[in-house]
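Asks: So that we are looking at the same thing, I have put the structure below in structure tokens.
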Amino acid sequence: MGTSGVVFAHSDEVQTDPLGRVHTFCHAVEGKWHVMGVVLSAGGSLQWYRNQFGEMEAALAKGMGTEAYELMTAAAMKAPAGSEGLFFLPYLTGERTPHCDSNARGAWVGLSLRHGRAHMIRSVMEGATYAMRDCLEIIKGMQIPITDIRVSGGGAKSAFWRQLQADIYGQDVSVTNSVEGPAYGVALLAAVGTGAFKNVVEACTATIRTENRTSTCSTAKAAYDRAYPTYGALYSGLKSSFPTIASLANG
């Protein structure tokens, strides 16, 4: 969960989605494969909110010696799971998987007088995580067993967002000793290439440790399981309007 959101799953055999909603590639481990889904604006959606609407949090954070994200997260915690029916579609830069739609646009749906700043911030975080679940559900549907979920990136640094992911995915999540997955992986591949380890499996076994497990909250999971089908239907309902909306934005 960085600027983009990426879901990787290891597979011993070639597994492909016939609808092309996720991607299948050769793995760095010889003879293995991985399936990947990509959400273009995952953490990027929260960054957009901070940049456009977070002036108050940014000013307060500067005086407190902390980050605006910390204050935004504290606000989001005041709203209940599911944000009382407020949904955010994180398609701020179109979407890659599972929709492959450059015209897709972001949206808040369900706004009412009951919603405030806390709901809006939480719904952004929930929307990005729902989008990640979209990819995860497709991978599960490909009969790839998901026995362990490890989270990384900026979203893994936040205890609240780790909990939110565990609740929306419906499975416990954990972090490794390095939350910077891509950079750490590149370093391991370089170590293998220079002979420090004989192969990728040896490198990973020697260096990667799972720590800090976050358990699913059954109450929040139930709320998200009720809300998720509605989230999934929103893209389909708006899809036909997105090209017109995109053309209006482009003049």
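Asks: If I model the chain as equal point scatterers sitting on the Cα atoms and use the Debye formula, what is log10 I(q)/I(0) at q = 0.18 Å⁻¹?
Replies: -1.49
Asks: In sequence order, what are the phi-derived ³J(HN,Hα) couplings for region 27-35 according to the Karplus relation 6.51 cos²θ - 1.76 cosθ + 1.60 with θ = phi - 60°, rounded to whole Hz, with x for glycine and proline?
Replies: 8, 5, 7, 4, x, 10, 9, 9, 10
Asks: Mind listing the phi-derived Karplus ³J(HN,Hα) values for region 11-24, rounded to whole Hz, using 6.51, -1.76 and 1.60 with θ = phi - 60°, and x for any glycine or proline?
Replies: Karplus values, whole Hz, x for Gly and Pro: 9, 6, 10, 5, 10, 10, 8, x, 8, x, 7, 10, 10, 10.
Asks: Here's another thing I want to ask about it. Mind ordering 123-131, 4-12, 214-222 by average Cβ neighbours within 10 Å, highest first? Don't skip to the end; give the middle numbers.
Replies: Values: 123-131: 27.4, 4-12: 18.3, 214-222: 14.9.
In decreasing order of mean packing, 123-131, 4-12, 214-222 become 123-131, 4-12, 214-222.
Asks: Express the Stokes-Einstein translational diffusion coefficient of region 31-76 in µm² s⁻¹, to the nearest whole number, given a Kirkwood radius over alpha-carbon pairs, 37 °C and a viscosity of 0.692 mPa s. Before the final figure, lay out the partial values.
Replies: On the way: Rh = 12.3 Å.
For the chosen part, D equals 266 µm²/s.
Asks: Given H placed on each backbone N at 1.01 Å, which residues far from Asp172 in sequence or on other chains put an amide H within less than 5 Å of it?
Replies: Under 5 Å from the amide H of Asp172: Thr216.
Asks: Per-residue HN-Hα couplings for region 81-90, Karplus 6.51 cos²θ - 1.76 cosθ + 1.60 at θ = phi - 60°, whole Hz, x for Gly and Pro?
Replies: Values, residue by residue: 4, x, 6, 6, x, 9, 10, 10, 8, x Hz.
Asks: In region 50-114, how does Rg compare with the Kirkwood Rh, expressed as the Rg/Rh ratio over alpha carbon atoms? List each step's numbers first, then the result.
Replies: Details: Rg = 15.0 Å, Rh = 14.0 Å.
Rg divided by Rh gives 1.07.
Asks: Could you tell me which residue out of Val186, Ser215, Leu164 lies farthest along the dipole of region 164-215 toward its positive end? Charges go on the beta carbon: Lys and Arg +1, Asp and Glu -1, centred on the Cα centre.
Replies: My answer, from the dipole projection, is Val186.
Asks: How big, on average over all directions, is the shadow cast by the Cα convex hull of region 40-149, in nm²? Intermediate values should be presented prior to the final figure.
Replies: Working: hull surface 33.3 nm².
Averaged projected hull area, Cα only: 8.3 nm².
Asks: Right, something else. Between Ser41, Ser240, Ser102, where does the largest GNM mean-square fluctuation fall for the chain, given springs only between Cα atoms within less than 10 Å?
Replies: Result for the chain, Cα springs under 10 Å: Ser240 fluctuates most.
Asks: Do me a favour and compute the ellipsoid semi-axes for region 150-251 from its Cα gyration tensor, root of five times each eigenvalue, largest one first, whole Å. Mind dumping the intermediate values first?
Replies: Values: eigenvalues 266, 108, 23 Å².
They are 36, 23, 11 Å, listed largest first.
Asks: Another question, then. Give the accessible surface of the chain per residue, rounded to a whole number of Å², with probe radius 1.4 Å and ligands, DNA and RNA excluded.
Replies: Details: 12640 Å² over 251 residues.
Heavy-atom accessible area per residue stands at 50 Å².
The values are calculated or read from the model by the stated rules, or taken from the named source; none is laboratory data. The structure presented is a predicted model; accordingly, all values stated were derived computationally and were not measured. Neighbour counts are summed over all protein chains in view; Cβ atoms, including those assigned to glycine, are modelled from backbone coordinates with ideal geometry. Just so you know, the surface numbers come from the protein's heavy atoms only, side chains and all, with ligands and any DNA or RNA stripped out. Shrake-Rupley method; radii C 1.70, N 1.55, O 1.52, S 1.80 Å.
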